[in-house]
Structures are given as C-alpha cells and as structure tokens.
1. Pairs please, first residue from the stretch 79-99 and over 14 Å from Ala131 (Cβ atoms) and in the same structural domain as Arg69 (by TED's automatic domain parsing), second anywhere and of a type outside the set (A, V, I, L, M) and assigned to a loop (DSSP other than H, G, I, E, B), Cβ atoms under 6 Å, 6+ apart in sequence or on different chains.
2. Within the stretch 105-125, which residues are within 21 Å of Gly251 (Cα to Cα) and either of a type in the set (Gly, Ala, Ser) or buried (at least 18 other Cβ atoms within 10 Å of the Cβ) (or both)?
3. Count, please, the residues in the stretch 241-262 that happen to be surrounded by fewer than 24 Cβ atoms within 10 Å (Cβ to Cβ) and among the aliphatic types (A, V, I, L, M).
4. More than 26 Å from Ala56 (Cα to Cα) and within 18 Å of the chain's Cα centre (by Cα): is that true of Val81 in this structure?
5. State which residue pairs qualify: first residue touching a residue at least 60 places away in the same chain (Cβ under 8 Å) and inside the stretch 21-32, second residue aromatic (Phe, Trp, Tyr) in any location, beta carbons under 6 Å apart, and separation of 6 or more residues or different chains.
6. Which one of Arg280, Arg291, Arg268 is farther than 18 Å from Arg228 by Cβ, charged (D, E, K, R) and either without any contact (Cβ under 8 Å) to a residue 12 or more places away in the chain or crowded, with 24+ Cβ neighbours inside 10 Å (or both)?
7. Quickly run through the stretch 64-83 and pick out the residues that are assigned to a loop (DSSP other than H, G, I, E, B) and modelled with pLDDT of 95 or more.
8. Restricting to the stretch 64-101, count the residues that are under 22 Å from Val30 (Cβ atoms) and surrounded by fewer than 18 Cβ atoms within 10 Å (Cβ to Cβ).
Amino acid sequence: MRSVTGYRWDDLPAEMHAAIKAECGPILRVTSLPGGLTAGAAVRLDTAAGKVFLKALPEGAPSAPLYQRERLVGAVLPEGVPAPRMLWSGHTAGWIVLLVEHVDTAREVELGPGSPSLDGVLDLVRVLGEALTPNPCEGLPPVTENVRFLTRRADALLAAPPSDLLAADAYRHARALLDVDALFGSTLLHADLHEGNLLTSPAGVRVIDWGLACQGAAWVEVALFVPRLILAGHTPEEAERLAEQVPAWKGAPAETVTGLAAVWSLFREFVARNGPAGIRASRAQAAAAGRAWMEYRTS
C-alpha cells in the first residue's frame, strides 16, 4: 500500500528486494526520504559497501516516463558532469527501479543574493552546457515537447483569462514571440534546475532528478533557470546579469526568450489556480517571478 508521501521499502515486491540485494549486498538499514511530486519510493539504503539512494515506481504510474528518462540519462552521463552516478537500474516485477550514488549534503542550496552556493551553481550550469554538447543520450524527446506541455496550459489560460490575471495583455504579446524552432539544438538539457534538484556536497554542487531531460539549444537551460533566480530574490536585471556568466546565454534569441518567459509563468499561473491545493501557493510565487521577468523584457 502506498503511504501518504509515496511508496515505502516494504511496499516493494519481494522480487525487487532480491534484485537490489543482489546488486548491493546485505542491507543494514533502510531510511525513507521525501519522494517529491512523483510519489515514488525514495529510500536511502545503508549497505556493507556504503550508502546508496533508491528510487522506484510502478511501470504504469503517471510519472513512470520521467523515471524512464532518468534511467536513460543516468546510463550515459559523462564523468565530467557534476551529478551522482547511477549504479544500477532495471525493470523488476512491474516496477522501474534506479539505484544512485548517495550524496552527503553539506548544506542546502540557496540561490538568493549573496548565497555561498551561487557561484557553484552557475559554474554547474556552465559545465552542463559544455559537457552535454553533443547530447550523449539517445531516445530523449526534444525540448519542444516539454515546452508544448507548458504552452497548452498557457494558451488555455489566455483563451479565457480570469478577471484577476495580471498583465494579460503583456502575456499575449510575449507569448506570440515564442519561436519553437529556435529551441532546437544538440545539447542534453536537464530542464528543471532549481533548489530542490541541486545538492551542495563536500565535492561541490551536484544536480539530481533528470526526469524532464530533453534535447535542445544550450541556452534554453539558462533561460529556464533565470526565473528561479528571480524567485530566490534577484531582480530580473540581476538575474540576467548572472545568466551572462554562462557562455551559452550569448546564443539566446531575445524574442524567443521573452516568449519562453511568458509561457513558463503562465503555466505556473494555471497550476496555481487548477493544480493540487498543496502546491498552489508555491506555483503562484513562481508565476509572479516569471511575470516580473516577462514584464522586464517587454517594458
């Protein structure tokens, strides 16, 4: 049975337990961890050889495609990418299971002004663009698929805008600037960089959770990160100045960036109004950050 926060170790089939023990050896301790929005099992396993992190989800779950993407990426990430290594993955007893190197975090990652994490995070974004071009992972969708998911919600909101939707005219103008063809490229993108997917370890900042990984232009990674900086407390001008430290940003087409800012924010406006109650407030805050960026670029 699934717990309130996701599946637990004891929920996993005995066949999966056996397969994991065959890979890891004897398991000394099992610690459940927060599972995030996918509601899969998230477990730290203490083994005789050290700690490993386990993620598992039934193959028929709505989030299973995200685990499939992460499995593909984990198998081919170059050594130079600052991410935990995938140790083993498999399909067992109707489940997808991922075993990943456990990372001992030194502190929480913060993206706000003056944060000691900021330089390391910006360096990580730069390294991703360089180390993951060309894309080493076959079978990933183009970034346009991710963006179309956003635009469907954005366009639904603009088609019948609520009376309290701020900057509706600016949104319409900016949305029309999005040139989907400009998003194409040959870089493997994480496409979901934020504080929850970044860890500060003794060895530096590490990125986790590749469930939205896709292929596109390298600058898209930076563009999707800018509103996260604004959400963390930077002004739009400050956030773009930080983005300029990443070489890939120089190739970003201005109008498409503005259109992407609008779509990113409108999607979160949509979820803030229609999504699960527990995430509406956080999505409203994210939408406000994206809207501030869009208005800065259209003012």
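The values are calculated or read from the model by the stated rules, or taken from the named source; none is laboratory data. Note that the coordinates shown come from a computational prediction; the quantities given were computed from them, not determined experimentally. Here the Cβ positions follow ideal geometry from the backbone for every residue, glycine too, while neighbour counts run over all protein chains shown.
1. Short answer, once both residue conditions are applied: Ala93/Pro13; Gly94/Glu59; Ile96/Glu59.
2. Val121, Leu122, Leu124, Val125
3. 6
4. When the stated conditions are applied, Val81 does not pass them.
5. Short answer, once both residue conditions are applied: Glu23/Trp88.
6. The unique qualifying residue is Arg280.
7. Ala75, Val76, Leu77, Pro78, Val81, Pro82, Ala83
8. So the count comes out to 8.
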